[in-house]
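A short write-up of the structure that comes next.
The values are calculated or read from the model by the stated rules, or taken from the named source; none is laboratory data. For clarity, every value in this text was computed on a predicted model and none was experimentally measured. Here Cβ is always computed from backbone atoms with ideal geometry, including for glycine, and neighbour counts include all displayed protein chains.
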Amino acid sequence: MHSNLAFYEIRVIGALLEKEITTPEQYPLSLNALTNACNQKSNRDPVLNLDEATVQQTLDGLIKKHLVSEKTGFGSRVTKYQHRFCNTAFGALRLSAQELAIIAELLLRGPQTPGELRTRAGRLGKFNDVQEVDAALRSLIEREDGPFVVQLAREAGRRESRYAHLLSGEVQAAESAAGPDMEVSLTRTDHDRLSELEQQIAALRQELSEIKSLLEQRT
């Protein structure tokens, strides 16, 4: 399991997983379509404003990690991209429909409670009740090739604990017990934090450049 993915890499993989399920007729995605998916204003937290150059750079890194591959259709000059994260012929990782829906939702929106996941991940997989969400989360925690998900310490004022994916950070257990009430806190290495900050600064610089160009055109 890759557990050192940067923030933009998480967004790209999450967008590819989502679009494979919700718009299979348009999948794999072109660079333009994937950029739009990463910047989508709905079902995203936070909302981003990435340019194609940043997405392409992120894709190049994921290709080197064997998590994304290129695909060029017959008679088409447009390169398209597909994930190799799970349920493909390129790797051994297999997730159920419910597990995949939860992972994709956590990648796109960050930590969430089981109740939030039932509502939001329902567009990607069928959940009859919150107990099915709990079962899928427990499976992702207890998998022999995992864990892929961690239960976070319940925050003050919240009735439910939130869950987070483990693809971009380390965990430190608050309790040694591995029962259903286990609580842990999620931390990231200094390297991951620095990488995210650098990417955020690059995005801000791009936005500033676009604003300057618009102002120059108006004057």
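Summary of values
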item	result
Odd one out for residue 32 among (1) within 29 Å of residue 143 (Cα to Cα); (2) exposed (fewer than 15 other Cβ atoms within 10 Å of the Cβ)	(1)
Which numbered condition residue 87 misses (of (1) in a loop (DSSP other than H, G, I, E, B); (2) buried (at least 21 other Cβ atoms within 10 Å of the Cβ); (3) modelled with pLDDT of 95 or more)	(2)
Region 91-104: number of residues that are surrounded by fewer than 15 Cβ atoms within 10 Å (Cβ to Cβ) and of a type in the set (A, V, I, L, M, F, W, C)	2
Flag for residue 130 being hydrophobic (A, V, I, L, M, F, W, C) and either over 23 Å from residue 33 (Cβ atoms) or not assigned by TED's automatic domain parsing to the domain that holds residue 22 (or both)	yes
Cβ pairs under 9 Å, 6+ apart, first in region 120-132 and within 12 Å of residue 21 (Cβ to Cβ), second aromatic (Phe, Trp, Tyr) and in a loop (DSSP other than H, G, I, E, B)	121/127
Those residues of region 1-41 which are among the polar types (S, T, N, Q) and either assigned to a helix (DSSP H, G or I) or in contact with a helix residue (DSSP H, G or I) (Cβ under 8 Å, 6 or more places away or on another chain) (or both), in sequence order	4, 22, 26, 32, 35, 36, 40
So residue 110, is it assigned by TED's automatic domain parsing to the domain that holds residue 27 and either closer than 20 Å to residue 10 by Cα or at pLDDT 95 or above (or both)	no
